[in-house]
């Protein structure tokens, strides 16, 4: 089934790229300080960050994410320890090139969509520094008409706000008129489907075919392979 889309929007981490979170290394750093937590504890702490997103003041020069992870683990946070935890992410990120991180066929599809004349965008909760760096390394950053990162706009995808803002900004930036239903949002999590709340069409990237029957918002399309996008747009 084909639809009349003019704009295709991607999530970044674990959609266009594999984010490469290494929970074990974070836990190892914490254990060096006699702080014994589980992966489940880390996940819950990071979810608390999402819940308190609007109250957090992000600073590109400081490991704010890691600082608040410690806080929501119930540990008295310190910038020194937060920096050490951040280094585990950086260490993992350095081991892989952007090409190695790119999900299969993602690069091909971005170029194909650009050649076809679609407006392309990104709405992501990923780290700004690494996400944009990966796009640049692959030479595909030039294809995106607007990139929206939650720590820059101070809204993350637990609401429809990032999708509202994206639509307004890309239209203003390029002096165009886009209706929500002319936009297709592609992502791998429930949050990526919230564009549907403003009328966008949604596509779940689900390579492992996980069960989504409990999702409150159901996607309009589901794909296992990026090349399937050609059948949708």
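The values are calculated or read from the model by the stated rules, or taken from the named source; none is laboratory data. Computed from a predicted structure; not experimentally measured. Neighbour counts are summed over all protein chains in view; Cβ atoms, including those assigned to glycine, are modelled from backbone coordinates with ideal geometry.
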* Structure fact -> Within segment 1-37, residues on the phi < 0 side of the Ramachandran plot, part of a loop (DSSP other than H, G, I, E, B), at pLDDT below 85 and in contact with a helix residue (DSSP H, G or I) (Cβ under 6 Å, 6 or more places away or on another chain) come out as 18, 22
* To do: For segment 152-180, enumerate the residues that are within 21 Å of residue 113 (Cβ to Cβ) and either exposed (fewer than 15 other Cβ atoms within 10 Å of the Cβ) or not assigned by TED's automatic domain parsing to the domain that holds residue 104 (or both).
  => 173, 174, 175, 176, 177, 179
* Asked: On the given criteria, is residue 54 modelled with pLDDT under 80, within 22 Å of residue 162 (Cβ to Cβ) and assigned to a loop (DSSP other than H, G, I, E, B)?
  -> no
